[in-house]
Amino acid sequence: MLLRHTTDKIIDREALTINPAKTCQPIGAMYAALGIHGCLPHSHGSQGCCSYHRTALTRHYKEPVMASTSSFTEGSSVFGGQANLLQAVETIFAVYNPDIIAVHTTCLSETIGDDVNQIAQKARDDGKVPAGKYLIHCNTPSYVGSHVTGYANMVTSMVKHFSARSATRKNQVNLITGWVEPSDMREIKRLATEMGVKIVMFPDTSDVLDTPMTGKHEFYPKGGVTIPELISTGDSKSTIGLGPFCTEDAAVLLDNKCKVKFDMLELPIGLKATDNFITSLSRAAGVQVPESITAERGRLIDMVTDMHKYLYGKRVALYGDPDTLVPLTEFLVTLDMKPVYIVSGTPGKKFEASLTKVLSKKVPEAKFKNGERADMYLLHQWIKNEPVDLIIGNSYGKYISRDEDIPLVRVGFPITDRVGHSYFPIVGYNGAMNLVTKMLNMILDKEDRVCPEEKVELTM
Amino acid sequence: MDPQRWKQEVLKKYPSKVAKKREKSIMVHEGADNIKPIQANVRTIPGIITQRGCTYAGCKGVVLGPTRDIVNLVHGPIGCSFYAWLTRRNQTLPPTPDSPNYMMYSFSTDMQDSNIVFGGEIKLKQACREAFELFKPKAIGIFSTCPVGLIGDDVHAVAREMKEELGINIFGFSCEGYKGVSQSAGHHIANNALVKHVIGLTDKAVEGKYKINMLGEYNIGGDAFELERILDKCGISLNSSFSGNSTMEQFERAHMADLNVVMCHRSINYVAEMMEKKYGIPWFKVNFIGAEASAKSLRKIADYFGDQDLKNRVEEVIAEELAIVKKSIDEIKPRTDGKMAMLFVGGSRAHHYQELFNELGMSTLSAGYEFGHRDDYEGRRVIPTITIDADSRNIEELTVEADPMKFKPRKTEEELKALEALDFNGYDGMLAEMAKGTLIIDDLSHYEMEKLIEIYHPDVFCAGIKEKYCVQKMGIPLKQLHSYDYGGPYAGFEGAVNFYKDIDMIVNTSIWKMIKAPWEAEPVIEAEYAA
Ligand code: SF4
Ligand code: SF4
């Protein structure tokens, strides 16, 4: 057994986190910043954090992940990191020449109290930011929230630094995307195009973290929201935020700053959440939903009706981020599955409220927890007490999966041992079909492997 | 391009202050008989995209990470523990299904803002108690991450108190990420704690006639398993391993060995030095990366013990193993011969792996360490001349003395003298084995890496995960020498064969030749249409 010390005896832990279902803020800020065209994310702290964050993102995307660091030493920790950041800005523009540097902090620079706002201003005042180039920043103390919070903070800082209202409104809708894969961002854009809606989507990591092999390393790949686009978000007709944990702050700020109204939705994962997204987008833009999209929806429903019996009643354990877990849980309920255990290390009361709404009628026995010590160790203990048929989450679930012989569907971050997540979406109706396919394959593969010989079926 | 010109071209891109600093870390090698000083183990310039990680990574990740029966509790916000969770490929093989193994677990105090404001010691103590209640480990190591030192949490005091309360060995590491300039500082801190808190606790050595400790071997991809196989075949007993496939018991009895052999000099030389002073165990450098190097290392060990039976046995084993290796080389070398490699990784691998490339007939045009010191380049003889800067001064230098009870010279002065050829306490460094005219670059930056590839087009580039896909986007295969790209083992004889096969595979992968679409490769057609 890999997790041989995990037992079914649950104690009330007050201090110890074991096998976390979250990580720290800066990596979220780094990921979000990569969704701006021509941007170099910069980690203001010691170089280990930056190295870890780049490594984790690289392992997940199997793509170059460029970011720089202030490389603090003990001296900077005592005297403050201003000199480091100023030198970094100068060096970065000279050597790596981005259009924009997006600075986030780490627990080190936060603990010593560096005022990044003031340092950034000084960099501009000292002429360290060349004309036409930008330096933005956000605070991402890792002892608050989680990687999700960091993503939200960087997205909010995009609004803060760029969104501007001019005299003329633009016939476009802002889509603020929560933490999803490049494939999902691409799919969301495709849906909008299919509907004939002009959108500005940010951040957008498609064509940044799923680039083709060309024999040339594009330091700044062609994807990402551009700065003129970001500026123009202040003139848009309205905003749709996809995933409240990641996008609500930004949407609210955009409303306050530029009077752009917003609709706050869950990520379009599964049938209902996608229905909501399509409905909201069609209203916001004042367009009819084209038949082609209705057909996509129909194909999903058709697939589910064909294979429903293999999904019905299956008990599922999930872990990951609230914005993914809430619509995903709702989708499982739609499929008549039983999402019985759900954990997320990301704190926030919304999570409980949303899940209660989704689960109270259909799966009243479900257990869920988020925040401190809502970890994979607890999830595993729940499973030890009463097993499940399927696990959904990132690659760390493989240890539970193997020990308990429960199939794992990989969804979330990080996925380090399989490919496909950055190419094949889970959002939209097509994404939902992809999810159903994955779940069925896992369930049916196991059935084929363990059922008695005389029960093996050719057709399922 | 002439390497001197390459260097000048590259430096031009940097702001002058930066260029001045980088200038000293980039060197055109003048040959083994004319080794020039290189700047190493100095701060990375802010804004430069570096390969390096932090002190905590070197301490928790590298040195203590591979030991299976200690609970490694990370005191700090969640990230540091998360990123060091199962990410270093140290394999481990507990002897029974019930033997303790905590390596699949990540333990953290997950500090919140209230802990930063009011201090985290209470939470840390409680976390120790909970870890003890749930896991009953024989030891807990507490690792400090960046904020811990700054807010004044005293992990050592907590460790002492909890050791008393829980009755197991508990010790702390002040390995905050900002100490030192790279992982290297963390190695040193880890070494110190092992000497202070663990080594010497039990006098029960491993059984066997020839007892050695293997230092600086971390069982990436099963390297340690292969070395265990070889040593076992030779009749040499592994008393303890620092720290691939190791247990706390092995550390505790380390002082009972007859000899310390050192693989990765950078990460573990401190333990070797201190154990010699404290317990009288001599050490020398070995290298089990490369078949010839492995044979040479085995002979060194046999010569140290001086026993003819052992020497005969070792020769038999070498003959048997090399026969298999040779078959593989004969088959593969025609496909790799004459190709060119570049290696930028770690603190010893960029040196050791050149052996394997040589065996494949491949030359190394450029190499450098991520966190090596001058002695890893120029040899230990330069240690007295290395200036101790502010960053190094931060790292505790333990002064150890001969242990009044446990110090026992393994050899007399005369015996050691007679064995001088084994080069006790010696390491000649990377440069002694590199060709004149090669480019040596310490703490390679991303920009320099791109320029190396653009100008010299190596057949394989060796580095880590952060570099992997940038290099591959440029159409050059990258071999990861931290994680081995999830292959291995590469150490010892079977490891060498694995490496040959993997290099053969990557330098001859078909898909690299298909990057251009047919219509891009044949503009002629377009021209014809146009006409
Ligand atoms: S938790 Fe803090 S110190 Fe650790 S990796 Fe994250 S930002 Fe860095
Ligand atoms: S040289 Fe490599 S194995 Fe040794 S400590 Fe170093 S990275 Fe690790």
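The values are calculated or read from the model by the stated rules, or taken from the named source; none is laboratory data. Source: prediction; values computed, not measured. Here the Cβ is made from the backbone with ideal geometry for all residues, glycine too, and neighbour counts use every protein chain on show. SASA here: full protein model, heavy atoms, side chains in, ligands and nucleic acids out. Shrake-Rupley method; radii C 1.70, N 1.55, O 1.52, S 1.80 Å.
From the list A:ASP263, A:ASP321, A:ASP306, pick out the single residue that is among the acidic types (Asp, Glu) and within 30 Å of A:MET376 (Cβ to Cβ). Working first, answer last.
Numbers: A:ASP263 fails: within 30 Å of A:MET376 (Cβ to Cβ); A:ASP306 fails: within 30 Å of A:MET376 (Cβ to Cβ).
Criteria check complete, one pass: A:ASP321.
Condition (residue is within 15 Å of ligand 1 (Cβ to nearest atom), of a type in the set (Ser, Thr, Tyr), within 7 Å of chain B (Cβ to nearest Cβ) and open to solvent by less than 10 Å² (accessible area, probe 1.4 Å)) applied to the stretch A:42-53: is it met by at least one residue?
Yes: the stretch A:42-53 contains one or more residues that are within 15 Å of ligand 1 (Cβ to nearest atom), of a type in the set (Ser, Thr, Tyr), within 7 Å of chain B (Cβ to nearest Cβ) and open to solvent by less than 10 Å² (accessible area, probe 1.4 Å).
Could you tell me whether A:ALA88 is more than 16 Å from ligand 1 (Cβ to nearest atom), within 7 Å of chain B (Cβ to nearest Cβ) and open to solvent by less than 10 Å² (accessible area, probe 1.4 Å)?
Answer is yes for this residue.
Could you look through the stretch B:458-484, keep only residues that are in contact (Cβ under 8 Å) with a residue 24 or more places away in the chain, more than 16 Å from ligand 1 (Cβ to nearest atom) and within 23 Å of B:LEU11 (Cα to Cα), and pick out the one that is most open to solvent (accessible area, probe 1.4 Å)?
Once the filter is applied, the top-ranked residue is B:MET474.
Kindly evaluate A:ASP12 against the criterion of being more than 8 Å from chain B (Cβ to nearest Cβ), closer than 15 Å to A:CYS138 by Cα and of a type in the set (Asp, Glu).
On the way: more than 8 Å from chain B (Cβ to nearest Cβ): yes; closer than 15 Å to A:CYS138 by Cα: no; of a type in the set (Asp, Glu): yes.
In short, no.
Output the residues belonging to the stretch B:356-378 that are within 14 Å of ligand 2 (Cβ to nearest atom), touching an Asp or Glu at 6+ places or on another chain (Cβ under 9 Å) and of a type in the set (Asp, Glu).
B:GLU370
For B:ALA185, are the conditions met, namely being within 16 Å of ligand 1 (Cβ to nearest atom), touching a residue at least 12 places away in the same chain (Cβ under 8 Å) and either hydrophobic (A, V, I, L, M, F, W, C) or not assigned by TED's automatic domain parsing to the domain that holds B:PHE225 (or both)? Working first, answer last.
Working: within 16 Å of ligand 1 (Cβ to nearest atom): yes; touching a residue at least 12 places away in the same chain (Cβ under 8 Å): yes; either hydrophobic (A, V, I, L, M, F, W, C) or not assigned by TED's automatic domain parsing to the domain that holds B:PHE225 (or both): yes.
Yes.
Out of B:VAL271, B:VAL206, report the one residue that is within 17 Å of the chain's Cα centre (by Cα) and of a type outside the set (Gly, Ala, Ser).
One residue alone meets the criteria, B:VAL271.
Being open to solvent by 10 Å² or more (accessible area, probe 1.4 Å), in contact (Cβ under 8 Å) with a residue 12 or more places away in the chain and not in a loop (DSSP other than H, G, I, E, B) is the filter here, so list the residues in the stretch A:202-230 that pass it.
A:ILE227, A:GLU229
Test of understanding: among A:VAL78, A:VAL103, which residue is more than 7 Å from chain B (Cβ to nearest Cβ), open to solvent by 10 Å² or more (accessible area, probe 1.4 Å) and not acidic (Asp, Glu)?
A:VAL78
Do you know which of the residues in the stretch B:105-150 that are aliphatic (A, V, I, L, M) and within 28 Å of B:THR92 (Cβ to Cβ) is modelled with the lowest pLDDT?
The residue in question is B:VAL148.
So that you can scan it fast, the table gives a plain yes or no per residue for (1) within 16 Å of ligand 2 (Cβ to nearest atom); (2) within 22 Å of B:ASN425 (Cβ to Cβ); (3) in contact (Cβ under 8 Å) with a residue 12 or more places away in the chain:
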position: B:GLU164; (1), (2), (3): no, no, no
position: B:ASN191; (1), (2), (3): yes, yes, yes
position: B:VAL198; (1), (2), (3): no, no, yes
position: B:ASP203; (1), (2), (3): no, no, yes
position: B:ASN213; (1), (2), (3): no, yes, yes
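Going through the stretch B:332-381 one residue at a time, which ones are aliphatic (A, V, I, L, M) and open to solvent by less than 10 Å² (accessible area, probe 1.4 Å)?
Within the stretch B:332-381, B:ILE332, B:ALA341, B:MET342, B:LEU343, B:VAL345, B:ALA350, B:LEU356, B:LEU360, B:MET362, B:ALA367 qualify.
So, restricting to helices (runs of 4 or more DSSP H) that lie completely within the stretch B:347-445, which ones have at least 1 residues that are within 14 Å of chain A (Cβ to nearest Cβ) and either among the charged types (D, E, K, R) or more than 16 Å from ligand 1 (Cβ to nearest atom) (or both)? Spell out the reasoning first.
Details: elements: B:349-359, B:374-378, B:390-393, B:413-418.
Where helices (runs of 4 or more DSSP H) fall fully within the stretch B:347-445 and carry at least 1 residues being within 14 Å of chain A (Cβ to nearest Cβ) and either among the charged types (D, E, K, R) or more than 16 Å from ligand 1 (Cβ to nearest atom) (or both), they are B:390-393.
Looking only at helices (runs of 4 or more DSSP H) that fall completely inside the stretch A:1-88, which ones have 1 or more residues that are among the hydroxyl-bearing types (Ser, Thr, Tyr), free of Cβ contacts under 8 Å to residues at least 40 places away in the same chain and more than 16 Å from ligand 2 (Cβ to nearest atom)?
Values: elements: A:25-33, A:47-61, A:74-79.
So the answer is A:47-61, A:74-79.
Quick check on this structure: which one of A:ILE415, A:ILE391, A:ILE406, A:ILE383 is modelled with pLDDT of 95 or more, more than 11 Å from every other protein chain (Cβ to nearest Cβ) and in contact with a His (Cβ under 7 Å, 6 or more places away or on another chain)?
Details: A:ILE391 fails: in contact with a His (Cβ under 7 Å, 6 or more places away or on another chain); A:ILE406 fails: in contact with a His (Cβ under 7 Å, 6 or more places away or on another chain); A:ILE383 fails: in contact with a His (Cβ under 7 Å, 6 or more places away or on another chain).
Unique residue meeting the criteria: A:ILE415.
What's the total number of residues in the stretch B:104-133 that are more than 7 Å from chain A (Cβ to nearest Cβ) and either on the phi > 0 side of the Ramachandran plot or surrounded by fewer than 21 Cβ atoms within 10 Å (Cβ to Cβ) (or both)?
Within the stretch B:104-133, residues that are more than 7 Å from chain A (Cβ to nearest Cβ) and either on the phi > 0 side of the Ramachandran plot or surrounded by fewer than 21 Cβ atoms within 10 Å (Cβ to Cβ) (or both) number 9.
Looking only at the stretch A:106-130, which residues are within 15 Å of ligand 1 (Cβ to nearest atom) and open to solvent by less than 30 Å² (accessible area, probe 1.4 Å)?
Those that are within 15 Å of ligand 1 (Cβ to nearest atom) and open to solvent by less than 30 Å² (accessible area, probe 1.4 Å): A:THR106, A:CYS107, A:LEU108, A:SER109, A:ASP114, A:VAL116.
Do you know which of the residues in the stretch B:49-101 that are part of a strand (DSSP E or B), of a type in the set (S, T, N, Q) and more than 16 Å from ligand 1 (Cβ to nearest atom) is least open to solvent (accessible area, probe 1.4 Å)?
Once the filter is applied, the top-ranked residue is B:THR67.
Among the residues of the stretch A:92-131, what is the count of those that are under 30 Å from the mean Cα position of the chain (by Cα) and under 21 Å from B:LYS13 (Cα atoms)?
Total meeting the criteria: 8.
For the stretch B:30-54, how many residues meet the condition of being at the interface with another protein chain (Cβ under 7 Å from one of its Cβ atoms) and at negative phi?
10
Which residues, taken from the stretch A:231-272, are buried (at least 22 other Cβ atoms within 10 Å of the Cβ), touching a Lys or Arg at 6+ places or on another chain (Cβ under 8 Å) and in a loop (DSSP other than H, G, I, E, B)?
Of everything in the stretch A:231-272, those that are buried (at least 22 other Cβ atoms within 10 Å of the Cβ), touching a Lys or Arg at 6+ places or on another chain (Cβ under 8 Å) and in a loop (DSSP other than H, G, I, E, B) turn out to be A:SER236, A:VAL260.
Taking the conditions exactly as written (surrounded by 24 or more Cβ atoms within 10 Å (Cβ to Cβ) and more than 9 Å from chain B (Cβ to nearest Cβ)), does A:ALA56 satisfy them or not?
Here the answer is no, as A:ALA56 does not meet what is asked.
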